[in-house]
1. Considering only C-alpha atoms, what is the centroid distance from segment 99-141 to segment 180-243, in Å?
2. List the residues whose amide H sits under 5 Å from the amide H of ARG4, counting only those 5 or more places along or on another chain, with H placed 1.01 Å from N in the peptide plane.
3. Which of LYS146, LYS358, LYS212 moves most in a GNM of the chain, Cα contacts under 10 Å?
4. Sorted by mean Cβ packing within 10 Å, highest first, what order do the peptides 220-226, 112-118 take?
5. What whole-number value in cubic angstrom gives the convex hull volume per residue for the C-alpha atoms of segment 34-119?
6. With springs only between Cα atoms under 10 Å, which of ALA43, ALA192, ALA340 fluctuates most in a Gaussian network model of the chain?
7. Give the distance, in whole Å, between the Cα centre of segment 326-376 and the Cα centre of segment 18-45.
8. Please report, to one decimal in angstroms, the Kirkwood hydrodynamic radius of segment 1-155 built from all distinct Cα-Cα pairs.
Amino acid sequence: METREMKTIGTTPSLLGMGCMRFPLQEDGTIDVAQTQEMMDYALANGVTYIDTAYFYHNGESEGVVGEILAKYDRSSYTLATKLPVWTMKDASDTRKIFEDQLQKLRTDYIDYYLLHNLSAKSWQAVKDYGLISILEELRAEGKIKYIGFSFHDEYEVFEDIIKYYKWDFCQIQFNYMDTEEQAGLKGYQLADELGIPLVVMEPVRGGALAKLSDDMEEKFKSINPEESIASYALRYVASYPNVKVILSGMSNLEQVKDNVATFSPLRPLSQEEIMAIQEVRVALEERIQNGCTGCEYCMPCPHGVNIPQNFKLWNTYHMYQNYEPIRFPMMNLPKRSQADKCVGCGLCEAKCPQHIKISEDMPKVWADLSNPIWK
Ligand code: SF4
Ligand code: SF4
């Protein structure tokens, strides 16, 4: 198993991290503990030492299952990462209660890597207003936390604000060969590198979207090496960035664990031919984009409440991957009052769009594609 040193904090985690948010489920929707145990046992036996969970993964069940499975292991043989659900907090008083609950569920008296979960402009303001960093520093002084970090989902400018605000031990961003310009993106990677802050990467295969491509795209990879999985290209792409110290994969079955472990044991750097194939796949995926909305928001606000850029972003993403999975959560988070079906076709927004998008013509097409029952 490939390992990478986080020099500033003196740790050497496994490059493959076990993401604990997509465990296999039983028919009643709860975690299949027996299968999960088999997966985690295999991962740990093959050198995975970084286990990443969170308070809300699997509706709060993940931490307890992870604690149960890891109880038989020596605590020094693995490291635990978990997260404080900042967006749910009304004030600072919940912090210690949630943290103690996490220790109990994880059957441990310390967390190695503790993150402020899912920071955005809004939740970052809450972190500052409630003084959450000071509370985490107190917990660190008490020996209950080793390293303080944050995970991030917002625009680059917000990322820059947050990462420059404090001497973080590490941070976690979304990064993959399709998302170099999204959220923190490549600019965020470079800034973290300059600041000497080691990175943990989530969504390296974009929620599974880069593990299964259309036949013509898969052929570009298979023609180079038929034995190599499609997911392995996405993982090796992320691994080609040296300040990425842990790559989290949210594995759902033993086969995926075996494939991911093989990708990192040992890690084989991408050849020039493989880099070209990734570039070709990226272009082919981007060609499926339906319109050129850049998300600039010049068209906003819509007098009827439609969130125009967000609807277009989801629509374009759906077409790129020809799959609802990558947009499931953002679609559920888009308020009904802002969805595409609220467009009355007045056309008032169109004169303001620098890309000259026929917004009133596209919105009914967006709704035809996104009014899928899976998130109703
Ligand atoms: S055309 Fe639709 S999206 Fe544009 S302003 Fe009118 S209602 Fe809003
Ligand atoms: S103005 Fe045009 S490009 Fe900008 S967000 Fe609106 S639709 Fe997209």
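Taken together, the values in this text are just the output of simple stated rules run on the coordinates, not laboratory data. Just so it is clear, the structure is predicted and the values come from calculations on it, not from any experiment. Heads up, the Cβs are rebuilt from the backbone with ideal geometry, glycines too, and the neighbour counts pull from every protein chain shown.
1. Here the two parts' Cα centres lie 28 Å apart.
2. Residues meeting the amide H criterion: LEU15.
3. Top of the fluctuation ranking is LYS358.
4. 112-118, 220-226
5. 92 Å³
6. In this elastic network of the chain, the residue with the biggest mean-square fluctuation among ALA43, ALA192, ALA340 is ALA340.
7. So the separation of the two Cα centres works out to 36 Å.
8. It is 16.2 Å.
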